[in-house]
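Trainee: Pasting in a structure now, in structure tokens, and then I'll have a few things to ask.
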Amino acid sequence: MHLLIIDPQEDFCNPHTGSLYVPGADADMVRLAGFIRKNPPDEITISLDTHQQMQIFHPCWWVDKTGLNPNPFTLIRAQDVKAKVWTTSRPEDQEWSEYYVNTLEQLGKFVLCIWPYHCIIGSTNHAVFSPLYSAITDWERTKRRNVKYLIKGSNPYTEHYSALGPEIDYSSEETVRNPFTATSEDYVLDFLNADSLVIAGEALSHCLKLTVQDILKHKQFIQNTNITLLLDATSGIPGFESECAEFVNKIKTLGVVLKNTTDFN
């Protein structure tokens, strides 16, 4: 069994200090920690959302006509950028940012959302949520194996919800080329070569959802992988309940098994 855990970080899971706390995520990760102790996986991969201050989805990237930054959870649409409701705080980023929001809409992806500053590399809230970290540390020492960490989100010019690839792929753009931007095909093969892939983490509505969708694009190449989603080890961002339900129903029809952590021996 290969366990894939999406973004189990303090900023998403700590109800007291998390800047983008997902309601229920703390309980999710406590249950997942118990699952790991009772059902030790053969492999564990953990994705880590990894950002800095100046990123296209953080407030300081954008300003209004008075020079003020947008509040967290502001949606920036292509028409807003075209009308100069929002412009980039650095003029050199304007052309790309206009292209970016237009492309998101053309591809039917999430509208650009300004998130609270979160998962800043070097900060304490970038770390794995403490109760889960204790369990994976014990797993590493008992199994004599290291967890594989998959860093995502370091390119400031794109969102990177899926652990396997960015919203807009820059790999051919010389001015913003970044080693953490291209789709992680090696991880796809690693996951799908496992006899069983079990997935958990945060948030069901965004990063976990898009990661699973990317994995399922590749399932046709390797047919012997059983994929399970742990429903009691993931939660969605409030306001996206219908999208979460639709996603869960869809992946069930595609062969993904839905279980709780307590369904395992």
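Each value in this text was obtained by applying a stated rule to the coordinates, not by laboratory testing. Source: prediction; values computed, not measured. Here the Cβ is made from the backbone with ideal geometry for all residues, glycine too, and neighbour counts use every protein chain on show.
Trainee: Enter the per residue convex hull volume of the chain, computed from alpha-carbon coordinates, in Å³ rounded to the nearest integer.
Mentor: Residue-normalised Cα hull volume stands at 131 Å³.
Trainee: Under the Karplus relation 6.51 cos²θ - 1.76 cosθ + 1.60, θ = phi - 60°, what is the ordered set of whole-Hz ³J(HN,Hα) values for region 256-264, x standing for Gly and Pro?
Mentor: Residue by residue, region 256-264 yields 6, 8, 9, 9, 9, 4, 7, 7, 9 Hz.
Trainee: Need the full-extension length gain, ASP138 to ASN260, defined as separation in residues times 0.36 nm minus the C-alpha distance. One decimal, nm.
Mentor: Full extension of this stretch gives 41.7 nm more.
Trainee: Something else: Nearest 20 debye, what's the magnitude of the dipole of the chain about its Cα centre given +1 on Lys and Arg Cβ and -1 on Asp and Glu Cβ?
Mentor: 480
Trainee: Principal axis extents for region 59-113, Cα atoms only, whole Å, descending order, please.
Mentor: The principal-axis extents, from largest down, are 30, 23, 17 Å.
Trainee: Between GLN9 and residues 5 or more places away or on another chain, which pairs have amide H atoms under 5 Å apart, with H built 1.01 Å from N, and which residues are they?
Mentor: Amide H neighbours of GLN9, under 5 Å, 5+ apart: PHE129.
Trainee: If I take R0 = 22 Å and measure r between the Cβ atoms of ALA83 and CYS60 in this structure, what FRET efficiency does the formula 1/(1 + (r/R0)^6) give, to the nearest 0.05?
Mentor: So the FRET efficiency works out to roughly 0.55.
Trainee: Among bridges DSSP assigns within the chain, what percent are antiparallel (round to 5)?
Mentor: Taking every DSSP beta bridge with both residues in the chain, the antiparallel ones total about 20 percent.
Trainee: Something else now. Using the count of nearby Cβ atoms within 10 Å as a rough guide to exposure, how do ILE76, ILE6, ILE151 rank from fewest to most?
Mentor: Arranged by neighbour count, lowest to highest, ILE76, ILE6, ILE151 become ILE151, ILE76, ILE6.
Trainee: At q = 0.19 Å⁻¹, what base-10 log of I(q)/I(0) does the Debye formula yield for region 20-176 when every alpha carbon is treated as an equal point scatterer in vacuo?
Mentor: Taken in order of the listed q values, log10 I(q)/I(0) reads -1.17.
Trainee: Under 5 Å between amide hydrogens, which residues at least 5 positions from VAL198 or on another chain qualify, with H placed 1.01 Å from N in the peptide plane?
Mentor: Under 5 Å from the amide H of VAL198 lie the amide H atoms of HIS2, LEU3, LEU4, THR228, each far enough along the sequence or on another chain.
Trainee: Quick one: which of LYS84/LYS109; LYS38/LYS250; LYS38/LYS109; LYS143/LYS259; LYS84/LYS209; LYS38/LYS152 span more than 27 angstrom between C-alpha atoms?
Mentor: Where the Cα-Cα span goes over 27 Å, the pairs concerned are LYS38/LYS250; LYS38/LYS109; LYS84/LYS209; LYS38/LYS152.
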